[in-house]
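Structure first, commentary second.
The values are calculated or read from the model by the stated rules, or taken from the named source; none is laboratory data. From a predicted model like this one, the values you see are computed outputs, not experimental measurements. All Cβ positions, even for glycine, are placed from backbone atoms using ideal geometry, and neighbour counts span all protein chains on display. With ligands, DNA and RNA removed, areas are computed over all heavy atoms of the protein, side chains included. Shrake-Rupley method; radii C 1.70, N 1.55, O 1.52, S 1.80 Å.
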Amino acid sequence: MRAAVVTNSKFEVTDLPTPIPGRGQLLINVSRCGICGSDLHARGHADEMAELGVATGYDSFMRSDQSVVLGHEFSGAVVDYGPGCRKRWAAGTPVVSLPIVRHGSKPQLTGLSVEAPGAYAEQVVVQESMTMPVPNGLSAEHAALTEPMAVAWHAVRRGRVGKGQNAFVIGCGPIGLAVISMLKAAGVRTVVASDFSPRRRELATACGADIVVDPATDSPWTAPKRGRINGVTDILSLGFDTMDRLRRVPNLPWWYVFRLAHTLNAGPSGPVIFECVGVPGILDQILTAAPPLSRVVVVGVCMETDRIRPAMAINKEIELRFVLGYDPGEFRDTLHLLAEGKVDPSPLITGTVGLDGIETAFTTLANPEHHAKILIDPTSPAVTP
């Protein structure tokens, strides 16, 4: 099969032996594969990412001097099964899969490990238990976005955003755009998106953002209707106002009211903020500017050492939450949200190339004014997106 192999940051399209599925695995023909920000990082900073993987318990992340087939956002069609499979789907059935396989008892990340070649290729091996048929005639292009949209769905779910809360998305690259789409699918009424790039602001509007802000000229924090909690003094004033009202009721054990509010998690709250930039300094900027009682969900992957001022977050009682990936249930639910038309990922897709166009696509993606998500079609002769 033809595949694009990266070694020491350089791509080469070459012929590789047809993959052989192992026990519990199947082989699929790749229909489409998305280029992910993680792929961009892995190409140029594989060794740093590998060391981080080792520190967190995964020692098989690709190294720069290894020859690896990238690609973990893919859709395809069933070709053949390895031993020990239930053979759930006929040959030709469109499928998607979580990008993870298991060799023996050890998991491997598809497209990010030399042990699990990815989908920048004509074929890829997937785990049968992690594979799902594509429902409702969903296109191969949209099905391939199940993986990045599942990342966003996980972030939104972990953010626990109420429909009436303001949600801020800082950074409108592919993952920020996906978060916007998923926030609107979850019924959040006010989504504020912020990005310096005019092109990305345009795409944020297409994905459903209610307010789109250029932070070079306007503050995202003052764009929506503000709640009662805009500063620390507002929290103190709310305490006074609440106690004044409760004390007017004779013989009321007012502390039970507070206990009930604690039990129901019904106290005052700020907005939920999704950090989707992933560069040093952004997190501290958000902690400084965010209203008190905000929840900050860190989705952007910063690969460098960063600094924040914990006292700033403490004084505002800001909740800081980091998220990664998704679980199989979130992946399945995302696939069905796409297939049922509840989420439209088409604004994210801005170009398609064949295997010979991957080098150009990577170069193009360095400029936010050109593209968001570029897909790879292994059968396409296109060399420019």
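Within the listed set ASP218, ASP284, ASP356, the Gaussian network model of the chain (springs between alpha-carbon atoms below 10 Å) gives the highest mean-square fluctuation for ASP218. Between VAL232 and ASP284, the contour length at 0.36 nm per residue exceeds the alpha carbon distance by 16.9 nm. Using a ≥ b ≥ c from the Cα gyration tensor of region 288-329 (square roots of the eigenvalues), is it rounded, prolate or oblate, where a/c under 1.5 gives rounded and otherwise the larger of a/b and b/c decides, a/b for prolate? It is oblate, given that a/c is not under 1.5 and a/b is not larger than b/c.
Entry note, region 188-310: relative contact order of 19 percent, from Cα contacts under 8 Å with a spacing of 6+ residues. Accessible area per residue for the chain, computed on protein heavy atoms with a 1.4 Å probe, is 47 Å². The charge dipole of region 184-227, taken about its Cα centre with unit charges on the Cβ atoms of Lys, Arg (+1), Asp and Glu (-1) only, comes to about 180 debye.
Once the gyration tensor of the Cα atoms in region 48-95 is diagonalised, the equivalent ellipsoid follows with semi-axes of 32, 14, 10 Å, ordered largest first.
Roll a 1.4 angstrom probe over the protein heavy atoms and tell me the percent of accessible area of the chain that is carbon or sulfur. Summing carbon and sulfur atoms, their accessible area is 54 percent of the total for the chain.
Restriction of the trypsin sites (Lys or Arg not before Pro) in region 125-205 to DSSP coil positions whose beta-carbon has at most 16 other beta-carbons within 10 angstrom yields ARG160, LYS163, ARG189. Quick one: grab the alpha carbon gyration tensor of region 141-223, order the square roots of its eigenvalues as a ≥ b ≥ c, and give me rounded if a/c is under 1.5, else prolate or oblate depending on whether a/b is larger than b/c. Taking the square roots of the gyration eigenvalues as a ≥ b ≥ c, region 141-223 is oblate.
Helices of the chain meeting both criteria, an alpha-carbon length of 18 angstrom or more along the long axis and an average Kyte-Doolittle score not below -1.0, with helices taken as full DSSP H segments, are 37-55, 146-159, 232-247. Most simply put, the chain has about 60% antiparallel DSSP beta bridges, counting only bridges with both residues inside it. Label reach from THR384 (point 7 Å along Cα→C-beta): in region 185-212, no amide nitrogen lies under 20 Å.
Relative to the Cα centre, the charge distribution of region 42-187, modelled as +1 at Lys and Arg Cβ and -1 at Asp and Glu Cβ, gives a dipole magnitude of about 780 debye. Dipole magnitude for the chain: about 1680 debye, using +1 per Lys or Arg Cβ and -1 per Asp or Glu Cβ, origin at the Cα centre. Taking a ≥ b ≥ c as the square roots of the Cα gyration tensor eigenvalues, region 166-294 comes out prolate, since a/c reaches at least 1.5 and a/b is larger than b/c. Each label point was placed 7 Å from the Cα along the Cα-to-Cβ direction; for TRP255 and TYR58 their separation is 4.8 nm.
The largest accessible area among PHE258, PHE331 belongs to the first residue in PHE258, PHE331, and the rest follow in falling order (1.4 Å probe, all chains).
The phi-based Karplus calculation (6.51 cos²θ - 1.76 cosθ + 1.60; θ = phi - 60°) puts the 3J(HN,Hα) values of region 367-384 at 9, x, 7, 9, 9, 10, 10, 9, 9, 10, 10, x, 8, 8, x, 5, 10, 10 Hz, whole numbers, x for Gly and Pro. Quick one: Cα centre-to-centre distance for region 1-68 and region 209-275, in angstrom? With region 1-68 and region 209-275 each reduced to a Cα centre, they are spaced 47 Å.
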